Amino acid sequence: MTEDSSLISLFFSAFISSTLLPGGSELLLIYLATQTEINVLALWFVASLGNTLGGLTSWALGYLLVKRFPNRGLDEKKHSQALAYLRRWGSLSLLFSWLPIIGDPLCFVAGWLKLSFIWSCTFIAVGKCLRYGLILLML
């Protein structure tokens, strides 16, 4: 596998992991960091970018779906919990968008609530960058 194809694979793995679909970008990141000569900063950047864009995709889905279905969509328990949390803490709560299980609904509900795109993008990116940075620091 070439360096370019490894980075592209990492990007898509991180992107998919941060949408409402399951994924395992952390394992690929760890593998690439320990078993290849790819620059660790490049790995960190690509994984963070992919995961951030995936979170923003979930945000956009929430934003668009509330226009189409204003009275439906947040019936699931995990979404109602995210809704209460976001109403209390606002965009700042998106620092926790990297967490498994609750991170994806947080991004979705932030879009549903039409929280500021700029602040949402900022806090999602910070959380995702810290997550992958900590993983790489632990190696």
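Modelled label positions at TYR85 and LEU21, each set 7 Å beyond Cα in the direction of Cβ, lie 2.3 nm from each other.
Angle of helix 25-35 to the longest C-alpha principal axis of the chain, folded into 0 to 90 degrees and rounded to 10: 10°.
Does anyone have the angle between helix 77-89 and the longest principal axis of the chain? Alpha-carbon axes, 0 to 90°, nearest 10? With rounding to tens, the tilt is 90 degrees.
Calculated mean residue ellipticity at 222 nm for the chain: -24000 deg cm²/dmol, from DSSP H runs with n ≥ 4 weighted as -39500 (n - 2.57), summed, divided by the residue count and rounded to 500.
Throughout, read-outs are computed from the coordinates displayed, never taken from laboratory work. Since the model is a prediction, treat every value here as computed from it, not as a measurement. All Cβ positions, even for glycine, are placed from backbone atoms using ideal geometry, and neighbour counts span all protein chains on display.
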